[in-house]
1. Length gain on complete extension for the stretch ASP171 to ASP428, per 0.36 nm per residue less the alpha carbon to alpha carbon distance?
2. Ignoring ligands, DNA and RNA, please state the percent of accessible area on region 233-386 from carbon and sulfur, probe 1.4 Å.
3. Which entries of LYS63/LYS366; LYS196/LYS275; LYS213/LYS384; LYS89/LYS320 show an alpha-carbon separation above 26 angstrom in the structure shown?
4. Estimate the FRET efficiency between LYS213 and VAL60 by the formula 1/(1 + (r/R0)^6), using the beta-carbon distance for r and 22 Å for R0, to the nearest 0.05.
5. Excluding ligands, DNA and RNA, what is the solvent-accessible area per residue of region 155-214 at a probe of 1.4 Å, expressed in Å²?
6. Say the dipole of region 71-216 comes from +1 at the beta carbon of Lys and Arg and -1 at that of Asp and Glu; which of PRO75, LEU134, ALA145 then lies farthest toward its positive end?
7. In percent, how large is the relative contact order of region 315-395, given Cα pairs closer than 8 Å and 6 or more residues apart?
8. Computed FRET efficiency, Cβ-Cβ of GLN274 and GLN390, R0 30 Å: what is it to the nearest 0.05?
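The values are calculated or read from the model by the stated rules, or taken from the named source; none is laboratory data. None of these values were measured; they are calculated from a predicted model. Here Cβ is always computed from backbone atoms with ideal geometry, including for glycine, and neighbour counts include all displayed protein chains. What goes into the accessible areas is simple: the full protein's heavy atoms, side chains included, and nothing from ligands, DNA or RNA. Shrake-Rupley method; radii C 1.70, N 1.55, O 1.52, S 1.80 Å.
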Amino acid sequence: MKKWTLAVGLFLGLTCLAPAQPARPFSETLPAFEALCGQLFGNSGVPGLCVGIVYRGQVVFLKGYGVRQAGQSQPVDPDTVFQLASCSKPMTSTALAHLVSRKRIGWDDKIVSHLPDFQLNDPWITRHVTFRDLLSHHSGLPEFAGDVLDDLGMSQQQVLRQLRLLKTDYDFRAGYAYTNFGYTAAALAAARADGKSFEQMMQAELFGPLGMKSASARFADYQAAPNHSSSHFLHDGKALVTVRNPDHQAPAGGVSCSTRDFLRWAQLHLDPEQKIIPRAVLAETYRVHSVTGENPANFSAGGFYGLGWIPAFDAKGRLKLSHSGAFFQGVRSCVTLLPQEEVGIVVVCNAFPSALPEAISAGFLKMYDEGRCDPSYSQGIGDKVLEMLQKMSAALPTPPPLAGQPGPRAEGVYSNKFYGQARIFRRDGQLWLTLGNQEFPLQVTGPSQLCSSVAPGKYEDIHSFLLNFDKRGFLLQGLGPEQFSRFSR
């Protein structure tokens, strides 16, 4: 009852305040903002970008920049379909809010009541974990739990099953760790409660009612869209075309849509008159459920997480809702809303690493409050976010040193309960690694022997094995360094 009262109080607090005005009329400031977008885009190396702004129910800015794919000429426009990566999370929680309003699920329903096969390492947590717990990332699951198995080509069912093998990183509901497959399990449970697949549920609860005709939670639909943007990885001054199929974790990162439709969804959260989902139910997704960490784009001393949203309070005391999305294989996105003022911005671009979405969003909010654009301010925010992204993509855990003398050759089969079997073999003189459903060529760059403690068939921890294997002079050539960092987490 107290949680519901807080949510209603937040809602009433927002609606009782009259929307403020921008510091200067948009007609005076948007030309400078457009120039800022062009300047930041031109310096970024990103092939394509699209930016949309909505204010009091009106789209006041909607423009594409660049091309859908590097080396080609098709331009990005407001109807170009982009993958949204983790900006899918607040969309998913919006659809679940609709189910809550229709009494199909409750935020505090036990996941196993709708998804009986779901299991975590601790039987007590398994019986008690709720939608609220998984959507706010405080179930105890370790950070990015299961992502590496998805990277290795395992099915959604296989990945979810393996979560039960992971020990919790912190006490239940006492910490925070961002987990795509925990989030996915919650959405699958909700869809099952409604008697639909996740993709069907998103269409029925969100895309259809909002008229988001370009939106889908299926990778095949994104690929089939005639006007869709490719993804790219920025490396050595080049934009390399990449592909990321996020179907297995679609609730956490698999939505795609145009920027025009992205704004339609944003407007649902900004429009006090909308009748699709009760405002009090939506307000529960904005409430702080977990304490996270500092984020250079949040402008607050600490970080928080709601239900699919990152809530923060700015220097003016306004609630700010945001979320960013990123695929290391080449996607960036960002949404930022000020519900009290009925204003919001969405930004999508087709390359990683890039901080364009956050830099542009920060520039817009400063323009909105102060009536002028400040390129140095936007660039400064972008630099901080880019540094954070680069650290995330480059960080490799440091494995413990191995004891023993050089022993057998690397070829053989290595087993692990979580990762399954790994096989290292030679084909036509080339060393290869098979792990999961993936096969990677390996290149010898140093000693070709391993310590006897990692003899084939005797080494149980394939995770540490791979890290030590790489440190002893082998490189995974099937993945770049950024992808390998994620592969090895």
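1. Fully extending the segment from ASP171 to ASP428 adds 87.5 nm.
2. Solvent-exposed carbon and sulfur of region 233-386 make up 54 percent of the total.
3. Too far apart for the 26 Å limit: LYS213/LYS384.
4. With R0 = 22 Å, the Cβ-Cβ based efficiency is 0.50.
5. 44
6. With unit charges placed on the Cβ atoms, the residue in question is LEU134.
7. RCO, region 315-395: 21 percent.
8. With a Förster radius of 30 Å, E is 0.15.
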